[in-house]
Amino acid sequence: MDLDAIDYIPARYQSQHGGTPTLIVLHSIECPLEGNHRARNVALWFAGPSSPRASAHYIVDVDEVVCGVQPPNVAWHVGRANVYGGSPSIGIEQTGYARFATDEWLSPAGQVQLDRLVGLVAALCDRWGIARRWVDETGLRNGMTGITTHGIATAAGIGTDHTDPGANWPVDEFMARLNGTPAPTPKDDDMPTRSYAFATHATSGVWLLAGWDGRYSEVVSHLDNDAEVTNAGNAFSPANLGDQTALLDVLLDATPRFATAADAATIADSVVSRVGPDVARRVADELATRLRT
């Protein structure tokens, strides 16, 4: 994600600071996941005359990311932890409710928002040198740097009285995506996102459709089906498999539209039988690299 391309709507309440951020704090706005311009409207609220004495560096929804405070300035988002270890913490608001169950956070809309959040956090970690690790209550008390939530900061005695984004927020899924295949920023016409990585089994060379953390069932359950598996399969004709370059082009066009993991494996078997497992593995490695860029 290009941090410099994010729209900036200056929040009314913020403070100047020259330190380097070392902690990212995640929040929930306490509103539905889907709706018109929720992130932008929250940013405008933080910027307006009726703003609460609060702000956030970034606000994320299903459609976009908006910046309210530009690091390293301090946002007013988490009480004493606004400045953590002498450095400003970065506050990120996201749509959703702290009362959500995990499956609500991982609904189709939630998946898209999570991808966008992962892209934002990854870019912030890279820019500021923030560790891509989860910080729990004990870690915060010991001054550990990384990523946490408002609720954890509260439990550690350095937040306010808030518990967002709640105990059911999908930490494991978030961290797996953050530390796995980088997720691209979703586009308006990219619902769901197409950052699907393909990997081959170490011995058989059979392709498996995989998500960022290997839990491909969660990914394929949100695929749209505007291209049938049979049409994707037709792309794997002998004429198209003459060399590795042609195969890569075919795979890049066809793989984002497999309907199920079984369909992907069936077509994978066909590919492997035609080009051999060694070539298939090399192609898989190259394809995964291209899908990550």
Worksheet item: Can you name the number of the only condition in (1) under 15 Å from the mean Cα position of the chain (by Cα); (2) under 22 Å from residue 104 (Cα atoms) that residue 180 fails?
Response: (2)
Discussion item. Here is a list: 151, 96, 129, 146. Which entry is small (Gly, Ala, Ser), touching a residue at least 60 places away in the same chain (Cβ under 8 Å) and buried (at least 21 other Cβ atoms within 10 Å of the Cβ)?
Written reply: 96
Discussion item. If I filter the stretch 19-69 down to residues being acidic (Asp, Glu) and over 16 Å from the mean Cα position of the chain (by Cα), which single residue comes out as modelled with the lowest pLDDT?
Written reply: 34
Item to complete: Tell me which of these residue 124 doesn't satisfy, since it passes every other one: (1) at pLDDT below 95; (2) part of a helix (DSSP H, G or I); (3) surrounded by fewer than 22 Cβ atoms within 10 Å (Cβ to Cβ); (4) not basic (Lys, Arg).
Response: (1)
Discussion item. With the condition being out of contact with any Gly (no Cβ under 8 Å at 6 or more places or on another chain), I'd like the strands (runs of 3 or more DSSP E) fully within the stretch 1-119 carrying at least 2 qualifying residues.
Written reply: 65-67, 87-94
Discussion item. Between 48, 79, which is surrounded by fewer than 18 Cβ atoms within 10 Å (Cβ to Cβ), touching a residue at least 40 places away in the same chain (Cβ under 8 Å) and assigned by TED's automatic domain parsing to the domain that holds residue 165?
Written reply: 79
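The values are calculated or read from the model by the stated rules, or taken from the named source; none is laboratory data. Bear in mind the structure is a predicted one, so any value in this text is a computation, not a measurement. All Cβ positions, glycine included, derive from the backbone under ideal geometry; neighbour counts span all protein chains shown.
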